[in-house]
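Colleague: Next up is a structure, given as structure tokens.
The values are calculated or read from the model by the stated rules, or taken from the named source; none is laboratory data. Remember, it's a predicted structure, so these values are computed and weren't measured experimentally. Here the Cβ positions follow ideal geometry from the backbone for every residue, glycine too, while neighbour counts run over all protein chains shown.
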Amino acid sequence: MTKTRVTARAHTNIALIKYWGKRDTELFLPMNSSLSLTLDEFYTDTTVSLIEGNSDQFVLNGELQEIKEINKISQFIDLFRKVAGHQSAIKVESTNHVPTAAGLASSASAFAALGTALNELFELNFDQTTLSTFVRQGSGSATRSIFGGFVEWQMGTKSDGSDSCANKIDNADWNIAMLTIPVNTGKKEISSREGMKLTVETSPFYPAWVEQAGKDLITIKEAISQRDFIRLGEITEANGMKMHGTMLGATPPFSYWEPLTVKVLQRIREIRGLGLPCYYTMDAGPNVKVICQANQADQIKQLLDDTFPNNPTIISGVGRDAYILSA
Ligand code: 2P0
């Protein structure tokens, strides 16, 4: 190995067709394929360096992390060390450029940045699709953050997960933007990992979700290939709501929605009624994301900010592939 220190950047992504449920929790194999948009506004920068000794170190946003977090990262680094045939301890220094006010999870960009940096440090030369199968084992949604634009994570069929990978399906360079309306940016009570597990195990709506997600994926890919924004938005909105529906069927039932969430969704529908196409989606939290046309993003933000002055909307354009900043 000739390199001793590498820095990589990966952007976060928001699913339009959601990943909700695993068929294998060890390998992070999903029950359904998903499709996302990578966002340019939110990203993680991660530096990995070779260090002396036997223990990895992990510094996140300038703070030395506890053993529990280090162990999680060490397990992930082991996947790369194993292939590289190296035993070296690694120091990981990571900075999330996700405004805390956005209430967005950063595990997607975090594991995608770390995996991209390790691929370079260990000179593994994985192509992006192969790399996506590795970062998947840190966090499912990280699979999609290896690529920019519209990205599909194919669930795959193999039990070893080697075909559960991401591919870019479109650059999304046709006037696409995404808005984030922060509703509550505090820590949620049920992590997405726990939430999806409970849903898979107990919700009678879950099999219908898997079936619908498969159909929605086919139609959204058609809409993308035809650059049909309205259809893209309608499918996005319907798919997100179906995912949230599965949770109400769980035992015990749960929901990430808050009263303000409902008001924001209602306002988006009103804005759409004014002739501004915009469509909402939500993840495992109360915050709302809206896909819109980039040349109308400022106008829609203004309308939202007028109604919700304490929850200013954040505009993001389309993000690029994960990449090496320095090596
Ligand atoms: C998604 N979410 O497709 C879905 C929609 C949340 C709702 O991926 O357990 O942090 O690490 O694989 O990727 C968030 O879940 O879960 C997520 P793990 P992850 O974006």
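Colleague: Looking at the range 190-213, which of the residues that are loosely packed, with under 15 Cβ neighbours inside 10 Å and in a loop (DSSP other than H, G, I, E, B) is farthest from the ligand (Cβ to nearest atom)?
Modeller: 204
Colleague: While we're looking at this one, here's another question. Sort out which residues of the range 227-285 are of a type in the set (D, E, K, R) and within 21 Å of the chain's Cα centre (by Cα), and write them in order of number.
Modeller: Matches in the range 227-285: 234, 237, 242, 283.
Colleague: Against the definition (within 16 Å of the ligand (Cβ to nearest atom), in a helix (DSSP H, G or I) and crowded, with 21+ Cβ neighbours inside 10 Å), how does residue 245 come out, yes or no?
Modeller: Taking the combined requirement at face value, the residue does not satisfy it.
Colleague: All but one of (1) among the hydroxyl-bearing types (Ser, Thr, Tyr); (2) within 15 Å of the chain's Cα centre (by Cα); (3) more than 13 Å from the ligand (Cβ to nearest atom) hold for residue 185, so report the exception by its number.
Modeller: Unmet for residue 185, out of (1) among the hydroxyl-bearing types (Ser, Thr, Tyr); (2) within 15 Å of the chain's Cα centre (by Cα); (3) more than 13 Å from the ligand (Cβ to nearest atom): (2).
Colleague: Kindly provide the set of residues from the range 71-98 that are part of a helix (DSSP H, G or I) and aliphatic (A, V, I, L, M), ordered by number.
Modeller: 73, 77, 79, 83, 84
Colleague: When you scan the range 119-134, how many residues do you find that are within 20 Å of the chain's Cα centre (by Cα) and among the hydrophobic types (A, V, I, L, M, F, W, C)?
Modeller: Qualifying residue count for the region: 2.
Colleague: Give me a count of the residues in the range 276-316 that are closer than 16 Å to residue 13 by Cα and of a type in the set (A, V, I, L, M, F, W, C).
Modeller: 8
Let's see how each residue does on (1) outside the structural domain of residue 311 (by TED's automatic domain parsing); (2) among the aliphatic types (A, V, I, L, M); (3) crowded, with 16+ Cβ neighbours inside 10 Å; (4) more than 17 Å from the chain's Cα centre (by Cα):
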| residue | (1), (2), (3), (4) |
| --- | --- |
| 19 | yes, no, yes, no |
| 28 | yes, no, yes, no |
| 35 | yes, yes, yes, no |
| 38 | yes, no, yes, no |
| 50 | yes, yes, yes, yes |
| 53 | yes, no, no, yes |
| 97 | yes, no, no, no |
| 104 | yes, yes, yes, no |
| 107 | yes, no, yes, no |
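Condition check ((1) away from the ligand (no atom under 12 Å from the Cβ); (2) free of Cβ contacts under 8 Å to residues at least 12 places away in the same chain; (3) outside any loop (DSSP other than H, G, I, E, B); (4) in the same structural domain as residue 283 (by TED's automatic domain parsing)) across all residues:
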| site | (1), (2), (3), (4) |
| --- | --- |
| 129 | yes, no, yes, no |
| 137 | no, no, no, no |
| 151 | no, no, yes, no |
| 156 | yes, no, no, no |
| 161 | yes, no, no, no |
| 180 | yes, no, yes, yes |
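Colleague: Take the residues in the range 1-10 that are part of a strand (DSSP E or B) and of a type outside the set (A, V, I, L, M, F, W, C), then tell me which one is farthest from the ligand (Cβ to nearest atom).
Modeller: Among them, the one singled out is 5.
Colleague: Tell me which strands (runs of 3 or more DSSP E) are completely within the range 11-70 and hold 3 or more residues being near the ligand (Cβ under 10 Å from one of its atoms), or say none if there are none.
Modeller: 34-51
Colleague: Would you confirm whether or not the range 167-174 contains a residue that is at pLDDT below 95, within 30 Å of residue 314 (Cα to Cα) and surrounded by fewer than 16 Cβ atoms within 10 Å (Cβ to Cβ)?
Modeller: no
Colleague: Then there is this: Has the range 80-89 got any residue that is in contact (Cβ under 8 Å) with a residue 12 or more places away in the chain, within 11 Å of the ligand (Cβ to nearest atom) and farther than 30 Å from residue 232 by Cα?
Modeller: No, that holds for no residue.
Colleague: Looking at the range 109-127, which of its residues are surrounded by fewer than 17 Cβ atoms within 10 Å (Cβ to Cβ) and either within 29 Å of residue 288 (Cβ to Cβ) or in contact (Cβ under 8 Å) with a residue 60 or more places away in the chain (or both)?
Modeller: Of everything in the range 109-127, just one residue is surrounded by fewer than 17 Cβ atoms within 10 Å (Cβ to Cβ) and either within 29 Å of residue 288 (Cβ to Cβ) or in contact (Cβ under 8 Å) with a residue 60 or more places away in the chain (or both), namely 123.
Colleague: Just to be sure I understand the filter: pairs with C-beta atoms under 9 Å, separated by 6 or more residues or on different chains, first member in the range 261-280 and on the phi < 0 side of the Ramachandran plot and in a helix (DSSP H, G or I), second member modelled with pLDDT under 95 and surrounded by fewer than 16 Cβ atoms within 10 Å (Cβ to Cβ). Which pairs pass?
Modeller: 261/184
Colleague: Is one or more of the residues making up the range 214-223 in a loop (DSSP other than H, G, I, E, B) and either more than 16 Å from the ligand (Cβ to nearest atom) or in contact with a Gly (Cβ under 8 Å, 6 or more places away or on another chain) (or both)?
Modeller: Checked the range 214-223: no residue is in a loop (DSSP other than H, G, I, E, B) and either more than 16 Å from the ligand (Cβ to nearest atom) or in contact with a Gly (Cβ under 8 Å, 6 or more places away or on another chain) (or both).
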